[in-house]
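Below: the structure, in structure tokens.
The values are calculated or read from the model by the stated rules, or taken from the named source; none is laboratory data. Computed from a predicted model, the values in this text were never measured in an experiment. Cβ: placed from backbone, ideal geometry, glycine included. Neighbour counts: every protein chain shown. What goes into the accessible areas is simple: the full protein's heavy atoms, side chains included, and nothing from ligands, DNA or RNA. Shrake-Rupley method; radii C 1.70, N 1.55, O 1.52, S 1.80 Å.
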Amino acid sequence: GGGSLLGGSVGDDARRAKRDGGRIAASSDPLLHRLLNTAPRRLRTMPRLDGAAKGTDGDVGNRCGPAGPRAHLLLFRPPLRRSDDEDDLDDDDRNDDAAGDERRRKPGRRAMEVIAELRDVAEAHRRAFVTVASALREPPRAHWWHAATAVKSWSRFVRRWLRAEYAALANVAESAAIAAEEAVASVARVCTETLTDDASAPDARSNAAMALSSPALLDFFEGNSFSVSTPGESRRGDDAGDGPTGGIAESATDAIRDALTRGAMDGAERGAFMAYAAAASRCHAADRPRRRRCAEYLSGALRECSGGPARGPGWSGRVAGAAAEALGVFLRGLGRDVETHGPGAGAWRTETLAEYRDVLVAAGESSSASEASGEHDDLDDFEGEALFRVGLTHGEAFAAAGADCAGGGFGHAVDRLRRLEDVLARWSESPGGESPGAGCSAAAEVAGAVAALPTAATFALASNAPVDRHVVNALRLTAELASSTREETGNVQSEESIRINALASCGSLLGVALAAGCSVETSLANTVVDALTGVLLGCGGGGGGGGGGSSSTTTPPTRPPSETAQAAASLGLAACVGGDWILPSVDRVVANRGLSGANGGREKDAGAATLSAPLVWGGEEGAGFAKRAIRALEAVASAEGTAAAAGTIAGTRAREAAAWGLASAAGA
């Protein structure tokens, strides 16, 4: 969009209108006030996750907030510096010293103070970046959602950081364009220094790569920085936009590739691969060599780490899955290029898209062939196989969306959604794993399908395909897995992996379906919230259904939930109230349009059989579910009232996930 960089663009105006509408509604609605206003304040003052004493934060630019590094990226707001005169005066002197007041009112002095304060704010963002880049580390490999949440967090932080840099330069630069160029250069320089510093840890380099590849940064100079949101959405309003970037995307792509080829980000590949794909996708539309090198690198990592049927000691499901997902993200960007700029000279864009989609298909077929031959039914590393399937299935969903962009229509995205739905349906019809093909590889395929369903459903719904029935059915199947209603097999690890993925996905699917206007049975929504709150609070229902009722349809767990399960449940609950962790989003129905009831209030829909609006912004029935979700997230984040039936307490990673989800839902 056009207009000024600090609020004149169409995307920025629309975002501000939605946000302001939400704040106005929050002033009179208790639920919205709790989520949008109270929750961020509590997250900034909650007991620290690192165990330090409360009130020992020190300089907010040099230390992460109490809610952890990911939430800190969303919550970070540096305070304005008081002037030196104010620091030297107590309250009585400030009221009595008229001469001091007069000095502070002098136009020249006040202008310099404002410029100094704005520079301090920009510098605080730079320090915060360095701090969080070092503190935000790769979690246990089972936390496959880490890259998506990190990408979204860095994108929002970099957008605010750029605003701060631009504000500090706007009054001293010769023009707005020069101020914007210098702001981008300042942010890119700090990120590149961390990325190329030999003393930086792999996690710090990976975080720097994600910040450097943020579309908020790559679009800012073109005046589009406020018309983007997160990777995977439509190009006119997402983190996958188009247009020339003045060499910034090209420089970022080269820097990230150099770090990857040097092995500087080994162990932190999930975020690094995603950053490389995002940066390469945003290079100039005619930049064929960089796109080709990116596709070759990611496909090479996929082949090298997946290993095919004969897997050697170098096989890594985590790395192979990360490469497959990043390759899919790259192919979706390539499909958007075909849609916008055409197939290219010699149809190189469409040929590249088809070629590397085949690579993903071949990787899936190779694993399926091994399953059919029984080679992987007794996997020593089931978790690695499941992670490979999670990444591969996500990559296939992104690539299918790219193919639809290139060819028009929605056939590939719908086909991908229905395939994943069929995988869950077959698994659901074979309780106990007694049917043929229910070995470890089949369980890994189900774990991957469950994890990727929200992404596949989002792409299908965003294309306006008539898939509401399939999305709701997939939600029902996922909720059953999350509720532990399926009989356990002898392979506890595979069943637990599937359930963990279902906990994260069922809440996200519910949020996606309601955001798209699908009709979801109230009882199904209750089942989802019951399952998630039960894991976090150690009870079947979590207390209070829609409108205050309670359901006991959830089977109590036979053993205390793991910390990974608690983290997954926290993300699922956050997605129910708008804090979604998946990269794409549905734009058909925008949640923050305000309440639709009479006089700006909530609709009196107590006892309604179905829901068709986001829980937070819908009627009273949905608000009841949202209250339960927010209560549970607040309790877990602050570690208050989270004792489970077996006496366990929510782990640190679960608390961090809950805090991030609350901050994301609040739009902090």
- Message: So, in the stretch 270-302, exactly how many residues are free of Cβ contacts under 8 Å to residues at least 60 places away in the same chain and farther than 15 Å from Phe398 by Cα?
- Response: 14
- Task: Would you mention how many residues in the stretch 385-407 are open to solvent by 20 Å² or more (accessible area, probe 1.4 Å) and of a type in the set (Gly, Ala, Ser)?
- Result: 2
- Residue that is in a helix (DSSP H, G or I), modelled with pLDDT of 90 or more, of a type in the set (A, V, I, L, M, F, W, C) and open to solvent by less than 10 Å² (accessible area, probe 1.4 Å), where the choices are Ala183, Ala216, Ala255, Ala167: Ala183
- Query: Within the stretch 279-303, how many residues turn out to be open to solvent by 20 Å² or more (accessible area, probe 1.4 Å) and assigned to a helix (DSSP H, G or I)?
  - Reply: 9
- In this structure, does Phe410 turn out to be at pLDDT below 95, of a type in the set (Phe, Trp, Tyr), over 19 Å from the mean Cα position of the chain (by Cα) and open to solvent by 10 Å² or more (accessible area, probe 1.4 Å)? yes
- Query: Somewhere in the stretch 27-39, is a residue modelled with pLDDT under 65 and open to solvent by 30 Å² or more (accessible area, probe 1.4 Å)?
  - Reply: yes
- Query: Can you find a residue in the stretch 137-153 that is polar (S, T, N, Q), crowded, with 21+ Cβ neighbours inside 10 Å and at pLDDT 90 or above?
  - Reply: yes
- Message: Would you confirm whether or not the stretch 90-100 contains a residue that is exposed (fewer than 14 other Cβ atoms within 10 Å of the Cβ), modelled with pLDDT under 60, in a helix (DSSP H, G or I) and aliphatic (A, V, I, L, M)?
- Response: yes
- Item | Lone unmet requirement of (1) more than 21 Å from the chain's Cα centre (by Cα); (2) open to solvent by 40 Å² or more (accessible area, probe 1.4 Å); (3) modelled with pLDDT under 85 for Ala608 | (2)
- Note on the structure: When Pro66 is run through (1) in a helix (DSSP H, G or I); (2) modelled with pLDDT of 80 or more; (3) open to solvent by less than 60 Å² (accessible area, probe 1.4 Å), the failure sits at (1)
- Note on the structure: Exactly one of Leu537, Leu583 is of a type in the set (A, V, I, L, M, F, W, C), modelled with pLDDT under 90, open to solvent by 10 Å² or more (accessible area, probe 1.4 Å) and under 22 Å from Ala665 (Cβ atoms), and that one is Leu537
- If you go through the stretch 235-251 one residue at a time, do you hit one that is surrounded by fewer than 22 Cβ atoms within 10 Å (Cβ to Cβ), at pLDDT 90 or above and closer than 24 Å to Trp348 by Cβ? yes
